[in-house]
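So the structure is just underneath, and the comments pick up after that.
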2 protein chains.
Amino acid sequence: MRMESSSSRKWPSHGGQPEEMKRLFKLSEDRALLDFSANLNPLGPPQWLRDALKQSYEALTHYPDPTYSESKRAIACSEGVKPKQILVTNGGAEAIFLAAKRFERQKALIVQPTFVEYEQACRHYHIDIEDVFLDPLNEFQFPIDQVCSKMNKFQVIFICRPNNPTGTLIDEEGLRKILDQGLETGTSVVVDEAFVDFLPQTMTSLSHWIETYPNLILLRSLTKIFTIPGLRVGYMLAQSQVIEELERNQIPWSVNAVATTIIPRLLENDQFLARTREWLQVQLQELKFSLRELDFYMSPTNVNYYLLKDQQKPLHTEKLFTFFMEQGILARHTHNFKSLDGHYLRLAVRSEAENKELLHVLRKWREEV
Amino acid sequence: MRMESSSSRKWPSHGGQPEEMKRLFKLSEDRALLDFSANLNPLGPPQWLRDALKQSYEALTHYPDPTYSESKRAIACSEGVKPKQILVTNGGAEAIFLAAKRFERQKALIVQPTFVEYEQACRHYHIDIEDVFLDPLNEFQFPIDQVCSKMNKFQVIFICRPNNPTGTLIDEEGLRKILDQGLETGTSVVVDEAFVDFLPQTMTSLSHWIETYPNLILLRSLTKIFTIPGLRVGYMLAQSQVIEELERNQIPWSVNAVATTIIPRLLENDQFLARTREWLQVQLQELKFSLRELDFYMSPTNVNYYLLKDQQKPLHTEKLFTFFMEQGILARHTHNFKSLDGHYLRLAVRSEAENKELLHVLRKWREEV
């Protein structure tokens, strides 16, 4: 099969768009594609969600409670914080924009490569941006000293923990150093924990840090772990005075009533999280072993996605992407992740059978190409 | 029953909050309240919505189509415009904020009393606001000449048509005059048609005007007419270049997947709209007759809500509000509508039985108080 030649302009700006990719690559509409491009939990959504959705019908006929009090109580209970330290948002995306609004027309430091939404939100509110970079030559290590040395120039730093698309994690000691220094330089730190629930039980959310750090704003999302990106469920955690100020800028009723009905149910459901973590650790071990064996680079991820590069053919990433497509696998390109420039692919960790299929395709690539 | 004395500070900022009002007025939680405060269609939601919601389950597990193409096709078909002249939004509220973003740091004229969200959105984007007022001494007539005489000072005018909370309507000729003059002065006109579907069939949306007027931005909502405020469904209509620019500022995935699944179904459903209009015209005639008979002022509404004042006791509006609460009826106060300052109540038109109950309570007020 002959596919179109590529250019960085044609790539869709995010994963999870198999239909668009089929059109771009002129594949037939009914062609099955295993979607490794969206980093959602393949175990979800939880079984009970279908019934819960039926029950949410009544909620649709009323305006959402503008204070989202029931959702806040459930989140408070699950996170060990107070309801007034919580703002419920229309997905993680609205949380990012609300955080940015707080620093309108000021200066932000963004640790790249990461979610493009931080930059998008900063531009929306006329925030000057400077980037620092994870070190690709050193396992995407977090540039703690570089951040600390520049910090006095910035009112806010955006950090994704664990980071998308590398799956790597700033260590707690380093983050503490940044937060402590931020207290002195008047710098807030927005830590996006959208994927934190995928971490092993020993590495947890920093929700209990908000008591100590008035300059910490945590962003959370229930979208990825519960496989419900269509529902739009996120929240922010910070000290109550910060939350109050963030809330004042929120568009009225931005969170839909199906979401607010289901949030309390989602957070009751500990077993689902435990089962997810267990599945992930097993699959990660297996992938690490097999990818090393096949001589592919895999970023030192802690979560349900990772960067991949063929160490034997590091300049053939686009060819690999196309080969994947031909074999029915959709990967996430990295053309719009700063500093990656398409040189890696991001792949989701999926079910055992699907990961095996991926490895099978990679073996084929190794043998045939 | 002794109720708390009132002050303008304690009033919730919008209708549809019976639980909060019970707390404020120290009424027992299980006290039944007829909610005349939210101006939603009492005939809705349509019967089929419950099943449609079940079917939307699959949609939740995927990111919403970021281009909302299916919804746009349905809206285009229903409105007689092109898909690229449409932006789907997270309820009418997001549409208002996106419209405001376009005029960041410029000057806006708002025709008051009206939705508070226009002012809120303008403040969010640092827009200077000036107000002009409907004339309360003259049936809330629209100040067309006043608007035209000031227009060259403003980049945008916000007009609600039909207006909330008066139910009145700027006439087409007047609006055309404003739009024509706007072409000369470089002034855009944001016309919020959130309630337009309640109008009699002879008065329609201005959707076909967008071809003529590059300075017209129409805001629509499916929330009120279909009684689904919890779902968050709105859209904007304008010339394609304007829509493109508005879209660039939209938060990614701000419209949830249940909404996008259901929009096409909602717009197929002509019968429901026809039945709604029929019900409303009958009830409005009945209310107009009875309220006049009881010597209450009713604003010359065209839609499913109106302003009420006791012409015999015009200074006793708060007392009337409290009397309503005691009798199990929740009205919408007007403390946060500029120039009304609580001197009127806004009431929804509800089912025949509920409107009769309302009239019964008003007769009681007339006799007893």
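Here A:Glu193 passes the criteria (1) in contact with a Phe, Trp or Tyr (Cβ under 9 Å, 6 or more places away or on another chain); (2) within 19 Å of A:Glu94 (Cβ to Cβ); (3) of a type in the set (D, E, K, R) except the one numbered (1).
When you look at B:Ile110, is it closer than 19 Å to B:Ile251 by Cβ, crowded, with 23+ Cβ neighbours inside 10 Å and aliphatic (A, V, I, L, M), yes or no? The answer is no for B:Ile110. A single member of B:Arg248, B:Arg275 is in contact with a Leu (Cβ under 7 Å, 6 or more places away or on another chain) and basic (Lys, Arg), and it is B:Arg275.
The rows are residues; the columns are (1) among the hydroxyl-bearing types (Ser, Thr, Tyr); (2) out of contact with any Leu (no Cβ under 7 Å at 6 or more places or on another chain); (3) assigned to a helix (DSSP H, G or I); (4) surrounded by fewer than 23 Cβ atoms within 10 Å (Cβ to Cβ).
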position: A:Asp145; (1), (2), (3), (4): no, yes, yes, yes
position: A:Leu169; (1), (2), (3), (4): no, yes, no, yes
position: A:Lys177; (1), (2), (3), (4): no, yes, yes, yes
position: A:Gln181; (1), (2), (3), (4): no, yes, yes, yes
position: A:Pro214; (1), (2), (3), (4): no, yes, no, yes
position: A:Ile217; (1), (2), (3), (4): no, yes, no, no
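Under the condition of being open to solvent by less than 10 Å² (accessible area, probe 1.4 Å) and assigned to a loop (DSSP other than H, G, I, E, B), which residue from segment B:228-246 is farthest from the other protein chains (Cβ to nearest Cβ)? Per the stated criteria, the residue is B:Ala238.
Residue check: is A:Cys122 part of a helix (DSSP H, G or I) and buried (at least 22 other Cβ atoms within 10 Å of the Cβ)? Taking the combined requirement at face value, the residue satisfies it.
For segment A:62-88, filtering for residues that are open to solvent by less than 20 Å² (accessible area, probe 1.4 Å) and either facing chain B (nearest Cβ under 10 Å) or over 25 Å from the mean Cα position of the chain (by Cα) (or both) leaves 1.
Of all the criteria given as (1) small (Gly, Ala, Ser); (2) under 18 Å from B:Glu117 (Cβ atoms); (3) open to solvent by 20 Å² or more (accessible area, probe 1.4 Å), the one not satisfied by B:Ala194 is (3).
Scanning segment A:41-61 for residues that are under 30 Å from A:Tyr118 (Cβ atoms), aliphatic (A, V, I, L, M) and open to solvent by 20 Å² or more (accessible area, probe 1.4 Å) gives a single hit, A:Leu43. Filtering segment A:330-349 to residues that are out of contact with any helix residue (DSSP H, G or I) (no Cβ under 6 Å at 6 or more places or on another chain), surrounded by fewer than 21 Cβ atoms within 10 Å (Cβ to Cβ) and not small (Gly, Ala, Ser) leaves A:His335, A:Asn336, A:Lys338, A:Asp341. Being charged (D, E, K, R) and at the interface with chain A (Cβ under 7 Å from one of its Cβ atoms) is the filter; apply it to segment B:37-61 and report the residue that is nearest to B:Glu278 (Cα to Cα). Checked segment B:37-61; the qualifying residue nearest to B:Glu278 (Cα to Cα) is B:Arg50.
In segment A:29-54, of all residues being in contact with a helix residue (DSSP H, G or I) (Cβ under 8 Å, 6 or more places away or on another chain) and free of Cβ contacts under 8 Å to residues at least 24 places away in the same chain, the one that is nearest to A:Glu326 (Cα to Cα) corresponds to A:Glu29.
Does segment A:130-139 contain any residue that is without any contact (Cβ under 8 Å) to a residue 24 or more places away in the chain, within 14 Å of chain B (Cβ to nearest Cβ) and out of contact with any His (no Cβ under 7 Å at 6 or more places or on another chain)? No: zero hits.
The values are calculated or read from the model by the stated rules, or taken from the named source; none is laboratory data. These figures come from a predicted structure and were not determined experimentally. Note that each Cβ is placed from the backbone with ideal geometry, even for glycine, and that neighbours are counted across all protein chains shown. In case anyone asks, the SASA skips ligands and DNA or RNA and just uses the protein heavy atoms, side chains included. Shrake-Rupley method; radii C 1.70, N 1.55, O 1.52, S 1.80 Å.
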